[in-house]
Amino acid sequence: MFDNNDVVQQIKSALNITDIIGEKVSLRKSSRGWSGLCPFHNERTASFHVFEDTQSYYCFGCHAAGDIFTFVMRSEGLEFSEALEFLAARAGIRLPDKTQRYSDGKKNISEREILELAQNHFVENLFNNIGKAAQVYILSRGLEVADVKRFHLGYSIPSWDGLVRELRNKGVKDSQMLKLGIAIQGKRGLYDRFRGRVMFPISDTVGHVIAFGGRLIDGDGAKYINSPESEIYSKRRNLYLFNEARKSIREKQRSILAEGYMDAIRLHKCGFTEAVASLGTSLTSEQANLLSKFADRCYICYDSDTAGQTAAIRGMYILQENGLDVYVVRLPEGKDPDEFLSSNPPEEFEKALNNSRPLVLAHIEALRPSIENPLTNKSAVRELFEGLSRLKVEDVLRYRSTLSEVTLIPPAEIEARLSEFRRRGKIQNDKEPDKPINKNPVKYNPLEAAFCAMLFDYPELRLRIKPEEIFKLLNNSLTQQIAIAALTEDTNELQQRWLELGEINKQEFLAGGREFLREVPFETASELWDVVYNDIKKLAMKRRNNELKEKLLSGKATSDELMELSMILHNKNVV
């Protein structure tokens, strides 16, 4: 059976954390290892340290800490499985394919391999004589061969079942093609979903093809069709070109969100490599969380056609709700980014970004004509406040004067009106919206972190304390949970599970504790334990002393508690 823990250890043995971190951080040799500017917060003095002896990192400024896996997960915005795949590739370690597999008696072909076969089929079609029509179309859109290769464009020939026949010849079953949405079951048998279209591969966050979009170049039919949802593809959780854009999003501290495949490609071609495209008309909290891992500011550049503008803006609130600072870009003459950049230099698009409006102001301006019309005023104001009531009050009140000017609602009543819409339930949220991943490292008491780190790293010390003592010694529920886990579970399996669940804060907590222990001038684990344990006991006693004093002053202390307080006050360890 595939054991993640074994693979993690193999990867850690094969890779040096300094090499991985050194690709993102300019490191200099220091007396304790390597140091540089922290990639997780803005600083001018290097407080970020990498230790080769423990294969760990620690920032004295923001307390970010961990190992090679937590660094990749945090810096690249990856889940554990994605970080595992990324680092395994760097280490030259082949991971067993965990996707669903099927057998035809001789061959086993995974879903990922099938999609790669389909992608190769589309690319070969484009560069053969059979793809002349697609080549002409692509050239007419201002793209070059280098662009086609860069974005892995392809072509699905107009044949009824060209891809189906080729995949069958390679051992792929009909049921697999149906499951992945690249084929459709018809009365005459299985046939290709995509026919006569320029193909845009959709990749996951680590670059594997998970779906396709196809643009019709001739004949009747829908202009664009896309792969249906499957076990490996969810349009809610993905963005077109995100894998190519995420590095630039982090570096530029902004993302640009467009509507179409060609919009995103054109933006990349013109130097705006922080651009991505949504994979449907509705924006989602999952997409917001994906972007917010890398930058808080998001510029949305949808088709500025007036008819659909207000509807599009309504959908943007989901992004602002989930932690993004949304700005709405307006291009002249109702053009989309592809059209605009095809006839204007990149500098003009940069000007449009600089002139973009925050979401609240963009919504006000979009609805202004309807608000000023007596026939539509009531419904327009209601629509505006339905959107605004989804945001934090402080994010709305900064525009109080503009809201008042347009809606004629007195400034003092704006906040009350927002509260009214919340109470009336105009926004129906059956469940709490997804929250963006917390990009700030966890705050902790370094002494308690050191106490837990010793329980994790020195098994012999766990015999010196009983689980029931933990609740008296430690006051924080997270700290209690970690300490109890160290006493009752296999710590290697536990830390592996934390990685898989993305619970980086617990790994950082322990790494911070280990860093604290570096400063304690004792050589043996037993000596270290005596120092840390005694200090923890002193803190716990002080805390209990304060609790009992409060009860005494309020007249709520029991006789047992009064006796306990008396014993504590006579204990010379209480300072």
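I'd like the residue in the range 257-283 that is of a type in the set (Val, Ile, Thr) and surrounded by fewer than 24 Cβ atoms within 10 Å (Cβ to Cβ) and, out of all such residues, is farthest from PHE151 (Cα to Cα).
THR281
Among ILE114, ILE138, which is the only one that is among the hydrophobic types (A, V, I, L, M, F, W, C), out of contact with any Cys (no Cβ under 8 Å at 6 or more places or on another chain), over 21 Å from ASP218 (Cβ atoms) and buried (at least 18 other Cβ atoms within 10 Å of the Cβ)?
Of the residues listed, the single one that is among the hydrophobic types (A, V, I, L, M, F, W, C), out of contact with any Cys (no Cβ under 8 Å at 6 or more places or on another chain), over 21 Å from ASP218 (Cβ atoms) and buried (at least 18 other Cβ atoms within 10 Å of the Cβ) is ILE114.
Select from the range 490-541 the residues that are in contact (Cβ under 8 Å) with a residue 24 or more places away in the chain and not in a helix (DSSP H, G or I) and write down the one among them that is farthest from the chain's Cα centre (by Cα).
VAL520
Is it the case that the range 20-38 has a residue that's in a helix (DSSP H, G or I), open to solvent by less than 70 Å² (accessible area, probe 1.4 Å) and free of Cβ contacts under 8 Å to residues at least 40 places away in the same chain?
yes
Among the residues that make up the range 4-12, is at least one of them within 23 Å of ARG518 (Cβ to Cβ) and in contact with a strand residue (DSSP E or B) (Cβ under 8 Å, 6 or more places away or on another chain)?
no
Would you say ASN534 is surrounded by fewer than 15 Cβ atoms within 10 Å (Cβ to Cβ), within 24 Å of SER75 (Cα to Cα) and of a type in the set (S, T, N, Q)?
When the stated conditions are applied, ASN534 does not pass them.
Output the number of residues of the range 84-94 satisfying the condition of being part of a helix (DSSP H, G or I) and of a type in the set (D, E, K, R).
2
What number of residues within the range 175-196 satisfy the criterion of being without any contact (Cβ under 8 Å) to a residue 12 or more places away in the chain and aliphatic (A, V, I, L, M)?
Going through the range 175-196 one residue at a time, the tally reaches 1.
Report, by residue number, each residue of the range 166-177 that is open to solvent by 10 Å² or more (accessible area, probe 1.4 Å) and at negative phi.
GLU166, ARG168, ASN169, LYS170, LYS173, ASP174, SER175
Quickly run through the range 435-466 and pick out the residues that are open to solvent by 60 Å² or more (accessible area, probe 1.4 Å), within 30 Å of GLN253 (Cα to Cα) and either among the acidic types (Asp, Glu) or modelled with pLDDT of 50 or more (or both).
Passing the criteria: only LYS443.
Take the conditions under 34 Å from the mean Cα position of the chain (by Cα), free of Cβ contacts under 8 Å to residues at least 60 places away in the same chain and farther than 30 Å from GLY77 by Cβ and apply them to LEU139. Does it pass?
It is false that LEU139 is under 34 Å from the mean Cα position of the chain (by Cα), free of Cβ contacts under 8 Å to residues at least 60 places away in the same chain and farther than 30 Å from GLY77 by Cβ.
Just need a number here: residues in the range 154-185 that are within 14 Å of LEU115 (Cα to Cα) and part of a loop (DSSP other than H, G, I, E, B).
6
Please enumerate the residues belonging to the range 322-334 that are open to solvent by 20 Å² or more (accessible area, probe 1.4 Å) and either closer than 19 Å to VAL406 by Cβ or within 30 Å of the chain's Cα centre (by Cα) (or both).
The answer is GLY323, ASP325, TYR327, ARG330.
Which condition breaks for ALA307 when tested against (1) out of contact with any Pro (no Cβ under 8 Å at 6 or more places or on another chain); (2) at pLDDT 90 or above?
ALA307 satisfies all of (1) out of contact with any Pro (no Cβ under 8 Å at 6 or more places or on another chain); (2) at pLDDT 90 or above except (2).
Within the range 47-69, does at least one residue satisfy the condition of being in a helix (DSSP H, G or I), surrounded by 23 or more Cβ atoms within 10 Å (Cβ to Cβ), at pLDDT 85 or above and touching a helix residue (DSSP H, G or I) at 6+ places or on another chain (Cβ under 6 Å)?
yes
Step by step: first the residues of the range 74-83, then only those that are part of a helix (DSSP H, G or I) and open to solvent by less than 10 Å² (accessible area, probe 1.4 Å), then the one that is nearest to ARG246 (Cα to Cα). Which residue is that?
SER75
Quick check on this structure: which one of LEU163, LEU180 is of a type in the set (A, V, I, L, M), open to solvent by less than 30 Å² (accessible area, probe 1.4 Å) and either modelled with pLDDT of 95 or more or touching a Lys or Arg at 6+ places or on another chain (Cβ under 9 Å) (or both)?
LEU163
Name the residue, out of GLY22, GLY77, GLY66, that is under 30 Å from VAL209 (Cβ atoms) and among the small types (Gly, Ala, Ser).
Answer to the check: GLY77.
The values are calculated or read from the model by the stated rules, or taken from the named source; none is laboratory data. Worth saying up front: this structure is predicted, and the values here are computed from it rather than measured. Cβ coordinates were reconstructed from backbone atoms using ideal geometry, including for glycine residues, and neighbour counts include every protein chain displayed. Protein only, heavy atoms only, side chains kept; ligands, DNA and RNA dropped before computing areas. Shrake-Rupley method; radii C 1.70, N 1.55, O 1.52, S 1.80 Å.
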